[in-house]
Amino acid sequence: MSDIHIDGLTKEFDDVTAVDDISFDVDSGEFLVLVGPSGCGKSTTLRMIAGLEDITSGELRIGERRVNELAPKERNIAMVFQNYALYPHMTSAENMKFGMKSVSDYTSEEINERVRKAADILDIPELLDRKPSELSGGERQRVAIGRAIVREPDVFLLDEPLSNLDAKLRVQMRAELLQLHRELDATTVYVTHDQTEAMTLGDRVAVLNDGQIEQVDPPQMLYDFPDTRFVAEFIGSPAMNIVPIDLAFGDGAVAHHESFELSLPNPELFTERPDSAYFGVRPEDVSLVDNVAGDPETFEAEVSVTEPLGESLLVHCLLGGDELHVKAEARTELDAGDTVELCVDEERLHVFDDAGDAIYH
Ligand code: ATP
């Protein structure tokens, strides 16, 4: 078994707490993505799993073994770095073999066989005799992944492996990584700051913020039911709209804003009943409706800017002093200053309390 158990893991650098008491598990064979903004502690977490960074406190187990004190080479993990970390004077084959040199118990025939096998999986047999300077960025990345594969590790750790590639190649490599994961079925922890990459690759995604875990869930769960305002705004592009509201609870629950009033359809779902809160709705869950003035379910807003996104039109609307982004059909004819009538999908609303925790969705 190569599941990973992380319990209360903390890393302090002098007066900086880079990772602050985080706990989560990665199941055997699972692809878990660590995502969050720059400086939130993703790489430090990965480096602690790899054994490249001492653990200040907490426990790390891989399978049944506590590995806190084990050297990297005793953990049976392989790591792929953002900058590939290939040796420039070595060919691809030599770089890939180098991943195994520290592992003593193999004959050179066994090592060559593993390199050939990894090269086949990655479709790079013709690149084995070239040096890194003779490879494109994407090819170098394949060699770096090949070096990890030849070790046949229990756990793959990848730190922003696609960030040096251009956008098109990134999308292609994303699909290849998924395919590779299906073939190898190895436990994988993947670090990225890119929420699209996180959503497309992860069986589950752990969102980190300021050294702490905000939520660990499958991608669609994060998107549909963010536990916190941070997750709601970080996952999804364009981001979820967040607008301050007052709340009134009687027979039902009503959200009041200077520009609209909405009945929330399932008041029993509220986990708290504060007087004021923040209302969240994704741009695709707000629609432009033909003028039905007087309909209590719709409200007026003024268009401030329109942004054509190709497949849709993002309309920035002014709601009193707040902004609401609406995803409208592409080629909708609108100009700044126009008045539009909006309607929200009331089954897809979120409410967050002042502390940023979800209290309704
Ligand atoms: P990025 O996406 O920018 O790589 P990250 O989420 O991977 O960011 P980390 O590199 O883990 O973030 O850094 C977390 C925090 O710890 C940051 O505040 C960083 O400045 C700090 N930090 C990281 N390494 C060290 C170090 N060796 N000494 C002191 N502080 C460090």
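Read-outs: derived from the displayed coordinates by stated rules, not from any lab. Keep in mind the model is a prediction, meaning the values are calculated, not measured. No Cβ is skipped: glycine too gets one built from the backbone with ideal geometry, and neighbour counts run over all protein chains shown.
Kindly state, to the nearest 0.05, the FRET efficiency for Lys73 paired with Gln179, given R0 = 25 Å and r defined as their beta-carbon distance.
0.30
Could you tell me the number of lysine pairs in the stretch 4-234 with C-alpha atoms less than 27 Å from each other, where the two lysines are 8 or more residues apart or belong to different chains?
The result is 15.
Only Cα pairs within less than 10 Å get springs; with that Gaussian network setup on the chain, which residue of Asp129, Asp210, Asp105 has the largest fluctuation?
Result for the chain, Cα springs under 10 Å: Asp105 fluctuates most.
Once both labels are modelled 7 Å past Cα along the beta-carbon direction, what's the Asp345-Glu59 spacing in nm?
About 4.4 nm, to one decimal.
Test of understanding: in a Gaussian network model of the chain with alpha carbons linked when under 10 Å, which of Asp285, Asp338, Asp14 would top the mean-square fluctuation ranking?
Asp14
Rounded, prolate or oblate: which fits the stretch 79-219, taking a ≥ b ≥ c as square roots of the Cα gyration tensor eigenvalues, rounded meaning a/c under 1.5, else prolate when a/b beats b/c?
Here the stretch 79-219 falls in the prolate category.
Explain nothing, just the number: dipole magnitude of the chain about its Cα centre with +1 on each Lys and Arg Cβ and -1 on each Asp and Glu Cβ, in debye rounded to the nearest 20.
2520
What percent do you get for the relative contact order of the chain when only Cα pairs under 8 Å and 6+ apart count?
15
At 222 nm, what value in deg cm²/dmol follows for the chain if DSSP H runs of at least 4 each add -39500 (n - 2.57) and the sum is divided by all its residues, to the nearest 500?
Using -39500 (n - 2.57) per qualifying helix, the result is -7000 deg cm²/dmol.
Give me the net charge of Asp224's neighbourhood, meaning all other residues with Cβ under 13 Å from the Cβ of Asp224; Lys, Arg count +1, Asp, Glu -1.
-4
Quick check: convex hull over the Cα atoms of the chain, volume per residue in Å³, rounded to an integer?
Expressed per residue, the convex hull around the Cα atoms of the chain is 167 Å³.
When only C-alpha pairs under 8 Å and at least 6 residues apart count, what is the relative contact order of the stretch 241-360, in percent?
Normalised by residue count, the contact order of the stretch 241-360 is 29 percent.
The stretch 5-80: which GluC sites (Glu not before Pro) are DSSP loop and have at most 11 other beta-carbon atoms within 10 angstrom?
Hits after loop and neighbour filter: Glu64, Glu69.
With just the Cα atoms defining each centre, how far is the stretch 1-76 from the stretch 119-138? Give it in Å.
Using only Cα atoms to place each centre, the spacing works out to 31 Å.
Ranked by Cβ crowding within 10 angstrom, fewest neighbours first, how are Cys40, Cys317, Cys343 ordered?
Least to most surrounded, the residues fall as Cys343, Cys40, Cys317.
If you take every residue apart from Tyr84 with its C-beta less than 13 Å away from the C-beta of Tyr84, what net charge results, scoring Lys and Arg +1 and Asp and Glu -1?
That works out to +1.
Sort Lys131, Lys11 by Cβ crowding within 10 Å, fewest neighbours at the top.
The most exposed by this proxy come first: Lys131, Lys11.
Picking from Ile49, Ile62, Ile124, which is most flexible by a Gaussian network model of the chain using Cα springs under 10 Å?
Ile124
How high is the FRET efficiency from Glu329 to Asp210, r the C-beta distance, R0 41 Å, rounded to 0.05?
Here the calculated transfer efficiency is 0.60.
Give the calculated FRET efficiency between Thr271 and Ala239 to the nearest 0.05, with a Förster radius of 25 Å applied to their Cβ-Cβ distance.
Efficiency at R0 = 25 Å is approximately 0.60.
Hey, fewest Cβ within 10 Å first, where do Glu176, Glu183 land in order?
Ranking Glu176, Glu183 by Cβ neighbours within 10 Å, fewest first, gives Glu183, Glu176.
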